[in-house]
Amino acid sequence: MPALSPARIGIIGGSGVYGLEGLNDIQSVAIDTPWGAPSDELLLGTLDGIPVAFLPRHGRGHRVTPSEVPYHANIYALRSLGVQRVLSVSAVGSLCHEYAPGDFVMVDQFIDRTLRRGATFFGDGIVAHVPLADPVCAEMAAAVMRSGSDLPVKIFSGGAYVCIEGPQFSTRAESELYRSWGAKIVGMTNATEARLAREAGMSFACIAMVTDFDCWHPEHDDVDVAAVVATAKQNASAVRELVTRSIPVLDALGPSPWRGVLDSAVMTAHDCITTAAIERTAALFSD
């Protein structure tokens, strides 16, 4: 991989968020990783002197389904650039009366119901187990909320996010099941990113943009793409402003406390780790 400008803050843009305004010294770069190519070229630049990397999760033009997103390559690319903290933006459905379309939620927990994607960098020659009790950085979530305190949008603190495989939306029975678990929102991407970010030693937080009431609410239409796109467009300027405001305060938190998580997580004896495993995880162990 060629030498690239380092970044401290990584932004993953979701549905309706395919770019980041306000960056200076911009580079658009294609990065290759041991896990393949990321979803699209990364946008590198600075905001108030802070090095930032932006990546559109689904590719520009929204070409990649939630199951097809190259999560490993995306997270590995951000880690290889030196990113300490990742802020992810995604569209979600609400599973409760409190969170309505147009609201933002700072997620604090995940329930992972994905079926067809890998959610670890480890295996096949190297074994590691990282803690994941609290997959979201509470400091980051609080900092984002402070940054958006005067924006014309409601930002809620906390809520469990059920991550489903997709690309289909939930059945009515599934939606009611998730509600019975106490989950607040449902989406298709963020749990996988949170898991991989933890293994990569990066702190993680998510801005979930509520676009619909899924299919459980008797007084609202079932979710469809038109509703998701309309609400995402409506909130696009607010979420971009929130992300831009958040970058300086996230950077002020300093390095991720998870940077050395793998120091005590790898169980495989060093002389038993295969060369291929070392090569495909190298960036995860760098300073």
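The values are calculated or read from the model by the stated rules, or taken from the named source; none is laboratory data. Given the structure is predicted, the values throughout are model-derived calculations rather than measurements. Cβ sites come from the backbone with ideal geometry, for glycine too, and all protein chains shown count toward neighbours.
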Quick one: how many residues across the stretch 47-84 are assigned to a helix (DSSP H, G or I), farther than 21 Å from Thr244 by Cβ, of a type outside the set (Ser, Thr, Tyr) and out of contact with any Pro (no Cβ under 7 Å at 6 or more places or on another chain)? 3
Neighbours by Cβ (under 9 Å, 6+ apart or cross-chain): first from the stretch 61-84, touching a residue at least 40 places away in the same chain (Cβ under 8 Å) and farther than 16 Å from Phe204 by Cβ; second β-branched (Val, Ile, Thr) and part of a helix (DSSP H, G or I): Pro66/Thr192
Picking from Thr211, Thr231, Thr281, which residue would you name as being of a type in the set (Ser, Thr, Tyr), under 24 Å from Val69 (Cα atoms) and surrounded by fewer than 22 Cβ atoms within 10 Å (Cβ to Cβ)? Thr231
Count of the stretch 133-156 residues which are in a loop (DSSP other than H, G, I, E, B) and more than 16 Å from the chain's Cα centre (by Cα): 8
Scanning the stretch 157-198 residue by residue, the ones that are part of a helix (DSSP H, G or I), among the acidic types (Asp, Glu) and touching a residue at least 60 places away in the same chain (Cβ under 8 Å) total 1
Would it be correct to say that Ala183 is surrounded by fewer than 22 Cβ atoms within 10 Å (Cβ to Cβ), out of contact with any Asp or Glu (no Cβ under 9 Å at 6 or more places or on another chain) and at pLDDT 95 or above? yes
Name the pairs whose Cβ atoms lie under 6 Å apart, with the first residue in the stretch 3-32 and outside any loop (DSSP other than H, G, I, E, B) and modelled with pLDDT of 95 or more, the second of a type in the set (Ser, Thr, Tyr) and surrounded by 13 or more Cβ atoms within 10 Å (Cβ to Cβ), and 6 or more positions between them or separate chains? Ile12/Ser88
Within the stretch 258-283, of all residues that are among the polar types (S, T, N, Q) and touching a residue at least 12 places away in the same chain (Cβ under 8 Å), the one farthest from Leu81 (Cα to Cα) is Thr268
Out of curiosity, is Val223 part of a loop (DSSP other than H, G, I, E, B), β-branched (Val, Ile, Thr) and farther than 25 Å from Ala142 by Cβ? yes
Would you be able to tell me the number of residues in the stretch 113-132 that are within 17 Å of the chain's Cα centre (by Cα) and either closer than 19 Å to Ile207 by Cα or not in a strand (DSSP E or B) (or both)? 7
Identify all residues within the stretch 260-287 that are over 22 Å from Asp32 (Cα atoms) and not polar (S, T, N, Q); write none if there are none. Gly260, Val261, Leu262, Asp263, Ala265, Val266, Met267, Ala269, His270, Asp271, Cys272, Ile273
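Every residue, every condition in (1) surrounded by 15 or more Cβ atoms within 10 Å (Cβ to Cβ); (2) modelled with pLDDT of 95 or more; (3) touching a Gly at 6+ places or on another chain (Cβ under 6 Å), yes or no:
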residue	(1), (2), (3)
Arg113	yes, yes, no
Arg116	no, no, no
Phe122	yes, yes, no
Val127	yes, yes, no
Met140	yes, yes, no
Ala143	yes, yes, no
Arg146	no, yes, no
Ser157	no, yes, no
Checking Arg280 against (1) assigned to a helix (DSSP H, G or I); (2) in contact with a Lys or Arg (Cβ under 7 Å, 6 or more places away or on another chain); (3) closer than 30 Å to Gly123 by Cβ, the condition it does not meet: (2)
Selection within the stretch 42-101 - charged (D, E, K, R) and either at pLDDT below 95 or more than 20 Å from Gly254 (Cβ to Cβ) (or both): Asp48, Arg57, Arg60, Arg63, Glu68, Glu98
Residue count for the stretch 232-272, restricted to those that are closer than 27 Å to His129 by Cβ and among the charged types (D, E, K, R): 3
